[in-house]
Each structure stands twice: as structure tokens, then as C-alpha cells.
Amino acid sequence: MSRLPFYLIVGLLLVAGVALSVHRHVQFEVPWTPGEQREVWEVESQITFTATGDAPVLVDMALPTNQRGFRLLTENTASPGYGLSFVQENGGRRAQWSIREAVGSQQLYYTAQFLVAPGSRPPEISPPPLREDIVWERPYDTAAVQVIERAWGRSANSFTFARELIRDFGDERQGENARLLLTQYERGPLLVRLLNQAGVPAREVSGLLLEDGRRRQSLMTWVQVFDDDEWTLFDPRSGEQGHPDNLLLWESTGQAVLEVQGGTNSGVTFSMLTHNQPAAAAVRNQLDEDSLLNFSIHSLPLEDQALFQTILLIPIGALVVVLLRVLVGIKTSGTFMPVLIALAFIQTTLVTGLVGFLLVVAVGLVIRNYLSYLNLLLVARVTAVIITVIAIISAFSVLSYRFGLNAGLTITFFPMIILSWTIERMSILWEEEGPKQVLIQGGGSLVTAILAYLAMNNPWIRHITFNFLGVQLILMAMILLLGNYTGYRLLELRRFKPVTED
Amino acid sequence: MKALAGWTSPGKLRIKGIVGMNRRNIRYIGRYNNRRLYPLVDDKLKTKLLAQEYGITTPALIGTVTTQFGVKHIRDMLEGHAGFVIKPAKGSGGKGILVIEHTDQDAYIKPSGVRLTLEDIERHVSNILSGLYSLGGTPDVAVIEALINFDERLAEYTYEGVPDIRVIVFKGYPVMAMMRLSTAASDGKANLHQGAVGVGLDISSGAAIRGVQFDRTRHDHPDTGHELASLRIPDWHTLLVLAAGCFEMTGLGYIGTDMVLDRDHGPMLLELNARPGLAIQMANGEGLRRRLDLIEAQPEGQTPEARVDFAKRHFARRSELERSDEGRQTPTNVPQADTR
């Protein structure tokens, strides 16, 4: 029997897999390592207000543009029934929603995707005109002059002046004058006023501090200070100078962020999420180019991509099982059960998952032991075990929640049917072969599951399997080769040791 | 190096000719056992009926239970049989086999002395039918056989259960044999990994070569204390011919035949195994590899008798066991069997 066709197939798979991967790397510039990924932020703003119902509604909101550190990729809105237009106004972009009749609570959504692009340069921003019409009431005028003089004396240029000025409003150095001014004016507008009075162009801007997974955030005020053509940002609260890397400027022309006509109680909140995309994919997203040739998971909707990320990891887990069974000789309870447990570990994290798994199986074994006295038919008994497992999982979830252990809630990610069969099999094993075999097979399953988890949770492996479909062919070839291995298993070296002794 | 004390090297195993699990699966089972034929051996009822067709003796069939409804009639079926064995037709690894040595009024007594009620028996049969012991949990049939009246000449070598003889038959040639003696540790079961004693048997004479329990050498039975060296299987030639005949019967090239010796009927086929384990190498202190290689080189189309004669000529071995009556002489280095 010739093995030639076999090796031919394996060779073909290997060549095709490597070629596909290299093609993707070269043609689509998908990097080999996850480090070369680009960060993409998804920011969703939710505008809420109550329409009064007696007048047409006009909502006008400032929109972010390309800016230092961020490039706008795509934007979407969700506003059923509303007319929408984007307008360019005084150097800023704004969205205007309008509707003739609306009553009650209204919600409008605007979502934008930003690519983190450290090299991105903002369009030239001209300094705002200095306001000449600043009038202070008594006694604030003297206080303002004194504050300005104090800071002016200790500064060398506009930026140092701004820093000193804000510091004087800081908690430690807050003087009498500063305290007095703060009783009348809000900190942001006050600082801009003082800067303008001293002849330094400045304006208030609104920005969003990006933090992964944050919801219901609101914009924060920053002071933009100009010195000739340069500008920088100051945190009016701390006086810190500079542009934080995670600050996304939402409105930078000194206008209102949100204006609502025909509605009350208006407000806007922001939710944000970050995810990594290969640099090329992120750039391609911007171009919005979809071709059949570009056969990759990335052309699917986001939700399905997430699903595939997991599906494409399963062969890695299966490979670990094959390695451990064929090369090492570890016994597991249920061939691929460890892979499913490992998938659950990915959701729960390792320690929580292990503790949860052991708890469920241990309690399940005790209850299953009682069920065996009831003399039930197999299917009925396993079903009873399934219900028991669900009950155990619910009980643990509630208990851990009560004790404030939120990690306990992730226990629901365990595949319950698989757990039930595991309990059933272990219980039979216990009855027939004793607890030792249960420990051996249960331990083997857990070791396999942990190793599969470590492999599947490795960022590099996740990156490779998700971005290079060709890797699946290489895995296939490897598994075919392993299926052909006739050598000894590692544990057989111990098992057959006595034979070699005499 | 102490951590490695319990381990050996692949090279040493290869010198001994040990066949590993992977090699067994690919090289022998995969190549010589046609999957289409598996049902013949995986279903004990089919094996039994086939064996009757080919004139191979098996334990008498008392009856079968195929439906949960039939479980209710089991009492009538067992009426008049003092001892019997209930086994799942598709069980594996000795799972689900219940041996009842004798009945005492309403109680059924296991070899260990444990008394079971009729309900226990019915539950066991019901479990078998629902597939608890079968591969993949598929619904199964319960087979009830007459208890074997095992040969008293072997009584001292076993504890409770019936000792059975496993012969590996490759392409119709008996290549290696061992006897499995149940012990207290194995709960009367003849499974080596549960603590039964495995005794390697010389293919030419049926005499004991070597004994192991839990993979370690033994010279006597742990419970009866009887030395193993004097163990010699009666009717050895008949047994080998019977085993060799299973090749024609099933068409499977690599099988484990489990035989028992009945007081009245001589050697009998108990069951066949298409995936026989590798522990037989431990019991014989020798790997299967050289013997299998030799058989692979033999022409096909020999009669069972001729094949048995060939095996007896080539696989003869001398015992490594100490005989207590010969003044405990240390076993001299036994020359390897002529397998070339």
C-alpha cells in the first residue's frame, strides 16, 4: 500500500496553507504578530431629550473630525424618523437632526470609529480672535487684574502664563482673589476670560477621555491656549499641560456641543470600546472597499467576526488534544470535552473556571450517586443530571453574587450538557474502576483543558488563526501527520519499563 | 536522575520489540481489521451465533433480553439455572458483566458472596438495555449465558472469577497468549489494570512463563498463595486451534480471543476483541513485534492446524518462574525464543 498519495495531500495542504498566509501578509499587509495591530476606537454618543410636542424639533450637535492622534474611519447615525444633515460651520462639523412632530422621550445615536494614528496631523487651526469686550464688575475687576499680574510675573510666554494662571486656581495655591472669582464664574469660562484679558488667545474645547468599555461618559472641558501658530491644551482642573494620548477632541471651535430646540432635559452621553485590527484592515475599512478576492473573516459584520474568532481557535484546542493523546498518552474523559472546557475557561478566566468546574463536577457526582439508587433509565438519568447541573450553576451564581464575587457569574459559560455527560461518565467510572481512575481521567481532562486554554488564549495564536485562514490548512496537515505516528507514547516509556528490566 | 528512574527509553523498548498503542492502532488494527467486520466481534450475540455456525464451542445461551418489557420475564428465564452470567452484547472491557454463581431461594449470589435480589438483577439488565455499558451509549441487548463449570485443575490459580486465556491471533496464527487470573484486588474480574494477575503462556506447551500484577513480576497468586510455575493449560493444542479458527470465522486479521476451559466441554470461546490490549506483552516479558513481523512474512491460505504447528515451532519459550519444589533456584538467563 503506497503512502505516496497521503504525503502528497499533506504536502499540498502545507504548501497551500503557507502560500495563502504569505499572500495575505504581503498583499494585504497583515502583520505576523498581534503587536503590529492598530487600535480602533468605537465611540457611540446617545442624545436624549424630551420633546415638548408643541414645536418642531431641531437638534444640533458638534461632531469630531480628524485630529492629532485619531483618524475618523466611519460614522453612522441612528435616528428613526428624523431628517439629518451634516453641516460645516465656523471650521467645525455639526450634525443637525430635525423633525416636524415629536412627543415624549427621544433618543438619537451617533457612532464613529476612530483609528489610533499617532502620526495624524490636524488641519491648521487658526487662533480665535481676542475678545476686546471683556468687562468685569466690581470687585472682580481688581481681583482679575491681580491674578493676571501675579501669573504674568512668573511666566515667560503664553503657555507658561496659562500654566501659572491655572495653578493659582488650583487647590493648594488658591489665593483670596482666585476664590473670589470662582464664586462668580465657572472655572473654564473664567480661565478663557482671564487669558483673553492678558492678550493670550484661548478657547474652551470639549473632549472625551477614551477608556475601554466605559459607558455613560460625558465630555470634559479643556482650555486650548495659542501662542502664535502653536497651541496646546491645559486641564483646567489640574493645570497640567499637554494633550493626553487618549483624549479625543469632540468640539474644538468654542461652540456649544449640543443645542436642542423644541425639547427639554437634553443631554448627551458617550460609550466607547476599543479593539485591535490589523493595520491594513483598519486602513481598508476607511476606504470601504469590498471585493470577493478579499476573502477574509474581516469582511463579515463585527458580531460574526467575534464568533469566528472563537470558532477558528477550536482546531488549536483539538491539536493540543491530539498531541497529548498520541504523543503523550494522557487519558481524558470524552475525547474533545477538554476543548469545550477550555473554551469556557476563555470566558471565565482560568482560576475561576477551574474552581467552578471542580465545584460543579464534585457536587454533581454526589447528586448523581444518589440518582443511581433510583434505578432510572439512562436518558432520564442524564436528563436529571442536566437539570441538577443547571441548578448547581444557578445556585453558585446567586451565591457568588450575594458574596460580591462577580467572577462567579461567568460559571454560566460552561457547556452544561457536556458537564452532565462528564459527571455521568465519571460516576460510572467510579462505580466500575474506583476513584483512582476517576482521578486519572478527570486529572487528564483538566490538564488537557488547561493546556488547550493556554494555547487558545495566547494573543499571538489568536492573531494568527484569526487573520490567516491558511493556518487552518497547515493545522490540518499537522494533524494528518500526527495521525500517522506509530512510535511510542511518552507514558508508554513508563508503562513498559518493567519488561525492559530483566 | 531519580525522577527518571521509572522511565525507559524508546530504544530499549524497540530492542524488546514492544508494540505501542499508536503502532497497534495504525499498523495492525487499522491495516488488518476491516471496520465492516467489527460488528461481528463488538456484538457478543453475533459472535456467539457465528461461532456456532463455524463449530467453535461457546458457553450455552440461556436467553436474551431485548426490550425493557422483557425485563419483567427475566425470572422465568432464569428458573432452573443455578449459575449464570449476564452481559451486554456490545459491552467493552468487561463492563457490565454480572456473574451469579448460584441462587439461594430468592437471592442471587455473586462469586464474592454478595447477595443480590431479583430487583438488582432487573435493574442491571435494564441498564444494559439502555446502553449504559455499550460503546457510545447505544441501546443494547442483554445476553444471558450458562455459567462455565471451570476446570478444577485451575482452581488454585484463581480467586473467585473464572480465569480466561487471551490469545492474540494475527492473520490466523496464535502469536502470544496469557492467562488472566482474577484476584481479590480485581474484584473477581479478569482485567489486568484492575489488579488481575497476568500469566504469560508458552505458545508451544501452554505452560506459564512469567507472572505480573500491576505491571510488576509475581511468582505466586496473591490470594491463594499458589505458585504459578506449575501452571500448565490442559488441552492446549485444541485451545490454540480453536483460537486460530476465529480468523476464518471473522475475517479479522488482528484479534484477541478470550478462551475459557470448561470441565465438561473443554476449551470454549468466550468473546473476541478487535482491539486487544497490549498488557499481554508485560505478562510475557516480550514484545509482539518480532512475532508479528515473522507472521507477516508467511504465505496465506494455511489451515488452522498448520498455523498452530508453525506458531508452536517458532514461538517456544522457557519459563522464567521459580519453582518452589526445585529449591528456589534463581532463573537462569532464558534464551530468546527462536523467532528469526
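Among the numbered conditions (1) under 30 Å from B:HIS237 (Cβ atoms); (2) within 11 Å of chain A (Cβ to nearest Cβ); (3) of a type in the set (Lys, Arg), tell me where B:ARG123 comes up short.
With (1) under 30 Å from B:HIS237 (Cβ atoms); (2) within 11 Å of chain A (Cβ to nearest Cβ); (3) of a type in the set (Lys, Arg) applied to B:ARG123, the lone miss is (1).
If the requirement is being out of contact with any Phe, Trp or Tyr (no Cβ under 8 Å at 6 or more places or on another chain), modelled with pLDDT of 90 or more and more than 13 Å from chain A (Cβ to nearest Cβ), which of these qualifies: B:ALA142, B:ALA107?
On the way: B:ALA107 fails: modelled with pLDDT of 90 or more.
Result: B:ALA142 is the single residue among B:ALA142, B:ALA107 that is out of contact with any Phe, Trp or Tyr (no Cβ under 8 Å at 6 or more places or on another chain), modelled with pLDDT of 90 or more and more than 13 Å from chain A (Cβ to nearest Cβ).
What single numbered condition from (1) loosely packed, with under 11 Cβ neighbours inside 10 Å; (2) of a type in the set (Gly, Ala, Ser); (3) in contact (Cβ under 8 Å) with a residue 40 or more places away in the chain fails to hold for A:SER158?
All conditions pass for A:SER158, except number (1).
Please work out if B:THR158 is out of contact with any helix residue (DSSP H, G or I) (no Cβ under 9 Å at 6 or more places or on another chain), within 11 Å of another protein chain (Cβ to nearest Cβ) and among the β-branched types (Val, Ile, Thr).
Criteria not met by B:THR158.
Kindly list the number of the only condition in (1) more than 23 Å from B:ASN34 (Cβ to Cβ); (2) crowded, with 20+ Cβ neighbours inside 10 Å that fails for B:PRO276.
(1)
Are any of the residues in the stretch B:190-203 within 15 Å of the chain's Cα centre (by Cα), among the polar types (S, T, N, Q) and more than 14 Å from chain A (Cβ to nearest Cβ)?
The answer is no; no qualifying residue exists.
Output the residues belonging to the stretch A:484-502 that are free of Cβ contacts under 8 Å to residues at least 24 places away in the same chain, surrounded by fewer than 21 Cβ atoms within 10 Å (Cβ to Cβ), facing chain B (nearest Cβ under 7 Å) and part of a loop (DSSP other than H, G, I, E, B).
A:THR486, A:GLY487, A:ASP502
When residues of the stretch B:112-166 are filtered for being in a helix (DSSP H, G or I) and among the basic types (Lys, Arg), how many remain?
Final tally of qualifying residues: 2.
Being buried (at least 19 other Cβ atoms within 10 Å of the Cβ) and farther than 14 Å from B:GLU160 by Cα is the filter here; which residues of the stretch B:189-203 pass it?
B:LEU192, B:GLN194, B:GLY198, B:VAL199, B:GLY200, B:LEU201, B:ASP202, B:ILE203
Of all the residues that make up the stretch B:95-119, how many are buried (at least 20 other Cβ atoms within 10 Å of the Cβ) and at positive phi?
Counting residues in the stretch B:95-119 that are buried (at least 20 other Cβ atoms within 10 Å of the Cβ) and at positive phi gives 1.
Within the stretch B:61-97, track down each residue that is within 23 Å of B:ASN191 (Cα to Cα) and either assigned to a strand (DSSP E or B) or in the same structural domain as B:GLY277 (by TED's automatic domain parsing) (or both).
Result: B:PHE84, B:VAL85, B:ILE86, B:LYS87, B:PRO88, B:GLY91.
Rundown of residues vs (1) in the same structural domain as B:PHE84 (by TED's automatic domain parsing); (2) assigned to a loop (DSSP other than H, G, I, E, B); (3) over 20 Å from B:LEU40 (Cα atoms), yes/no style:
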| residue | (1), (2), (3) |
| --- | --- |
| B:GLY200 | no, no, yes |
| B:ARG210 | no, no, yes |
| B:PRO222 | no, yes, yes |
| B:LEU239 | no, no, yes |
| B:CYS246 | no, no, no |
| B:GLY256 | no, no, no |
| B:ARG290 | no, no, yes |
| B:PRO299 | no, yes, yes |
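May I ask you to list the residues in the stretch A:445-476 that are more than 23 Å from A:PRO31 (Cα to Cα) and among the small types (Gly, Ala, Ser)?
A:SER445, A:ALA449, A:ALA452
Determine, yes or no, whether B:ARG153 is more than 14 Å from chain A (Cβ to nearest Cβ) and buried (at least 22 other Cβ atoms within 10 Å of the Cβ).
Answer is no for this residue.
Being assigned to a loop (DSSP other than H, G, I, E, B), within 14 Å of chain B (Cβ to nearest Cβ) and surrounded by 14 or more Cβ atoms within 10 Å (Cβ to Cβ) is the requirement here; does A:LEU371 meet it? Write out each step before concluding.
On the way: assigned to a loop (DSSP other than H, G, I, E, B): no; within 14 Å of chain B (Cβ to nearest Cβ): yes; surrounded by 14 or more Cβ atoms within 10 Å (Cβ to Cβ): yes.
When the stated conditions are applied, A:LEU371 does not pass them.
Report yes if some residue within the stretch A:57-72 is exposed (fewer than 13 other Cβ atoms within 10 Å of the Cβ) and not in a strand (DSSP E or B); otherwise report no.
no
Scan (1) under 29 Å from B:GLY131 (Cβ atoms); (2) in a helix (DSSP H, G or I); (3) within 14 Å of chain B (Cβ to nearest Cβ); (4) of a type outside the set (Ser, Thr, Tyr) for the single condition A:LEU327 breaks and write down its number.
Answer for A:LEU327: the failing condition is (1).
Which one of B:THR238, B:THR217 is closer than 22 Å to B:LEU147 by Cα and surrounded by fewer than 22 Cβ atoms within 10 Å (Cβ to Cβ)?
The conditions single out B:THR238.
Condition first: away from chain A (no Cβ under 14 Å), out of contact with any helix residue (DSSP H, G or I) (no Cβ under 9 Å at 6 or more places or on another chain) and modelled with pLDDT of 85 or more. Can you find one or more residues in the stretch B:275-296 that meet it?
Within the stretch B:275-296, not a single residue is away from chain A (no Cβ under 14 Å), out of contact with any helix residue (DSSP H, G or I) (no Cβ under 9 Å at 6 or more places or on another chain) and modelled with pLDDT of 85 or more.
When you go through A:ILE311, A:ILE423 one by one, which is the residue that is surrounded by fewer than 22 Cβ atoms within 10 Å (Cβ to Cβ) and assigned by TED's automatic domain parsing to the domain that holds A:HIS463?
Result of the check over A:ILE311, A:ILE423: A:ILE311.
Hey, among the residues in the stretch B:1-55 that are under 27 Å from A:ARG3 (Cβ atoms), assigned to a loop (DSSP other than H, G, I, E, B) and within 21 Å of the chain's Cα centre (by Cα), which one's farthest from the other protein chains (Cβ to nearest Cβ)?
Of everything passing the filter in the stretch B:1-55, B:ASN33 is farthest from the other protein chains (Cβ to nearest Cβ).
Can you tell me which residue among B:ASP151, B:ASP164, B:ASP140 is among the acidic types (Asp, Glu) and over 24 Å from B:GLY266 (Cα atoms)?
Being among the acidic types (Asp, Glu) and over 24 Å from B:GLY266 (Cα atoms) holds for just one of B:ASP151, B:ASP164, B:ASP140, which is B:ASP140.
When residues of the stretch A:169-192 are filtered for being in a helix (DSSP H, G or I) and either touching a residue at least 60 places away in the same chain (Cβ under 8 Å) or under 17 Å from A:MET220 (Cβ atoms) (or both), how many remain?
Total meeting the criteria: 6.
How about the stretch A:239-267: which of its residues are more than 18 Å from A:ARG193 (Cα to Cα) and over 29 Å from the mean Cα position of the chain (by Cα)?
A:GLU259, A:VAL260, A:GLN261, A:GLY262, A:GLY263, A:THR264, A:ASN265
I need a count of the residues in the stretch A:330-357 that are at positive phi and away from chain B (no Cβ under 14 Å).
1
Report, ordered by the first and then the second residue, all pairs with beta carbons closer than 6 Å, sequence separation of six or more or different chains, a first member in the stretch B:2-16 that is within 18 Å of B:ARG289 (Cα to Cα) and modelled with pLDDT of 80 or more, and a second member that is in a helix (DSSP H, G or I) and hydrophobic (A, V, I, L, M, F, W, C).
Taking only residues 6 or more apart or on different chains, the pairs are B:THR8/A:LEU493; B:LYS16/A:VAL499.
The values are calculated or read from the model by the stated rules, or taken from the named source; none is laboratory data. Only a predicted model underlies this, so the values are computations on that prediction, with no experimental measurement involved. Glycine also receives a Cβ, built like all others from the backbone with ideal geometry; neighbour counts cover every protein chain displayed.
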